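Engineer: Handing you this structure, nothing more for now.
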Amino acid sequence: MSELLPRITEILSWSSLGPAAFADEIGLARPVLSHILSSRNKASLEVVQKILTRFPEISPSWLLLGQGEMLSKLGETKNFPPPEISLPETPANLKPQEALPAGLSKVQTGNLEGKVSEKSKTVLQRQVTKVLLFYSDGTFESFDPK
């Protein structure tokens, strides 16, 4: 594999981003890109993958091998037809209540008066008679709503 550094610097120039912004854009740590650009380290496969993922218009063979043009041809993309989605057949003569899943029934309406417990009746009849406030200094206040 030939040296990647000239092609990475060309991509950096083409993207019109600075080294820090370019590293952020492809999801690479800034020091890693700095080490690559200063020739301290060589670009890893991970760096190449990040560049190609972020910039899919860059030709992989150009980046890896230096062959062909930097940008892929637009006509090379294959257009596949969208997958056909088939929906299950639903008989048109079904009534809404017949279409309910098993175990579900229509909403029941009726008088719930007889189903209210005595305890809930007494809870509804309760009223506030006094409010006590206790303060951190040991004092308190009492309020009567009447």
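Quick note: the coordinates plus some simple rules give every number you see, no bench work behind them. The model shown is predicted, which means the values in this text are computed figures rather than measured ones. Counting neighbours? That spans all protein chains shown, and the Cβs are built from the backbone with ideal geometry, glycine included.
Engineer: Quick one: if you stick a label point 7 Å off each Cα along the C-beta vector at Gln127 and Lys42, how many nm between them?
Structural biologist: 8.9 nm
Engineer: Then there's this: Modelled label-to-label distance, Phe140 and Leu64, 7 Å Cα→beta-carbon offset: nm?
Structural biologist: Taking the simple label geometry, Phe140 and Leu64 are separated by 8.0 nm.
Engineer: Oh, and also: Within the range 47-65, what residues put their amide N at less than 14 Å from the label point 7 Å along the Cα-to-Cβ vector of Ser72?
Structural biologist: The answer is 49-64.
Engineer: Mind listing the long-range amide H neighbours of Ile58? Cut-off is under 5 Å, sequence gap 5 or more, other chains count too, H placed in the peptide plane at 1.01 Å from N.
Structural biologist: Amide H to amide H, under 5 Å and 5 or more residues apart or across chains, Ile58 pairs with Ser72.
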